[in-house]
Amino acid sequence: MSAAARARKAWEQTMSPSSRIHVPVLAGELVELVAPQAGETVIDCTFGGGGHARLVADRIGPRGTLIAIDRDPVAGRRFEQFADEVSCRTRFIPMEFSTALKTLQDEGVRADGLYMDLGMSSLQVDAPERGFSYSHDAPLDMRMDPRQELTAAEILNEWPESRIVQILRGLGEERFAGGIAREVVRRRPLETTSDFVDAIKAGMPTAARFGSGHPARRSFQALRIAVNGELDSIDAALPLAWDTLEIHGRMAVISFHSLEDRRVKRFFASLAVGCTCPPDLPVCVCGHEPEAELLTRRSIVADERELEANPRSRSARLRGALKLAERTAS
């Protein structure tokens, strides 16, 4: 049995019954990359249902500290229960993760391990009233933090058609963005997720509605990313997270679509670059040393067992890196 499989089995055995609602993706593999040790400080940037955190808490033990971050109030309530059940020291920061990491940096906090799960928590997807799912009729909300003002309804009903096209095409890679945006504008005001699904279907060629997957999947993804500013958050959070790590600390990130994974891959790759001298120079004169060692040459994906147990893991990609030196200011 691999180390990842052993970690996953340990997670299954140690969960309380109330925690088994949430199924973390690539749990064993992530913990194997982060490799938390007794007494260490680890930061969970996306606490969600706490599935990954539970495994980490068990590894770092009573002398360790787990700092959890999540802007979703539901995750905050779940953390209260989690903190009562684990033996390590805990802290919860109810903020968007780039803001929280800047706060920790200002406090001088350093971590031995850090990880992010950039996917939607099942606590969000399975709450129909929050409007994240195209499978339920619900208000057009999609806010991860209910305190923010911008909602999906505001974008669809008030933003110009050209910006909606940009969102659907750029954030959802939707081929029929133009037709869908025209239908959205024509049908205003849209009030529910079903209204949006109807506009999506009407804006697509008939044949495209019956392809692989639900026809609204890409458009819902794009709108959710726009509402929550997810890509901007990732761009801001990656360097902050790396700077928060101690030397020899480990960072792991799970992403769920190409726009996220591309950012993570490029960020880690940029840190792992060594000599930057022209290849025809006989001796290195730049003196540049790599700041990271890649722990994953290729992204780690879910195995058949996990795919069968948790279909949401199908698009998950896990990457990790070991910190060798402080990041050079750009």
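Rank by packing, highest mean first: peptides 299-310, 246-257, with packing defined as the count of other Cβ atoms within 10 Å averaged across residues. Walk me through the numbers on the way to the answer.
On the way: 299-310: 15.1, 246-257: 21.2.
The peptides rank, most packed first, as 246-257, 299-310.
I'm spelling it out carefully: the read-out is mean projected area of the Cα convex hull in nm², the candidates are [x] 17.6; [y] 18.5; [z] 19.4, and one was derived from this structure. Which label?
Label [z] holds the value from this structure.
Starting with the highest mean, order 49-57, 235-243, 145-153, 66-74 by the number of other Cβ atoms within 10 Å, averaged over the residues of each peptide.
Values: 49-57: 25.6, 235-243: 19.2, 145-153: 13.9, 66-74: 23.1.
Highest to lowest by the protection proxy: 49-57, 66-74, 235-243, 145-153.
In straight Cα distance, which aspartates and glutamates are under 13 Å from K323, not counting same-chain residues fewer than 8 positions off?
Correct list for K323: D112, D243, E246, E289, E291, E293.
With a cut-off of 8 Å between alpha carbons and a minimum separation of six or more residues, what is the relative contact order of region 128-228 in percent? Kindly include the intermediate steps, with their values, before the conclusion.
On the way: 153 pairs, mean separation 34.3, N = 101.
Relative contact order here is 34 percent.
At most 13 other Cβ atoms within 10 Å and a DSSP loop assignment: could you name the chymotrypsin sites (Phe, Trp or Tyr not before Pro) in region 186-237 that fit? Could you put the intermediate results ahead of the total?
Working: sites: F196, F210, F220; in loops: none.
Here no loop site has a sparse enough neighbourhood.
Divide by every residue of the chain the summed helix terms, -39500 (n - 2.57) for each DSSP H run of at least 4, and state the resulting mean residue ellipticity at 222 nm, rounded to the nearest 500 deg cm²/dmol.
Numbers: 14 runs with 144 residues, N = 330.
Taking each H run of at least 4 residues, the total per residue is -13000 deg cm²/dmol.
Could you tell me which helices of the chain pass both thresholds, a Cα extent of 18 Å or more along their own axis and a mean Kyte-Doolittle hydropathy of at least -1.0, with helices taken as whole DSSP H runs?
On the way: long enough: 73-85 (19 Å, -0.89); 230-244 (20 Å, 0.22); 258-271 (20 Å, -0.49).
Flagged H segments are 73-85, 230-244, 258-271.
Each reported figure results from applying straightforward, stated rules to the coordinates on display, with no laboratory input. Keep in mind that what you see is a predicted model, and the values were worked out from it rather than measured. Cβ sites come from the backbone with ideal geometry, for glycine too, and all protein chains shown count toward neighbours.
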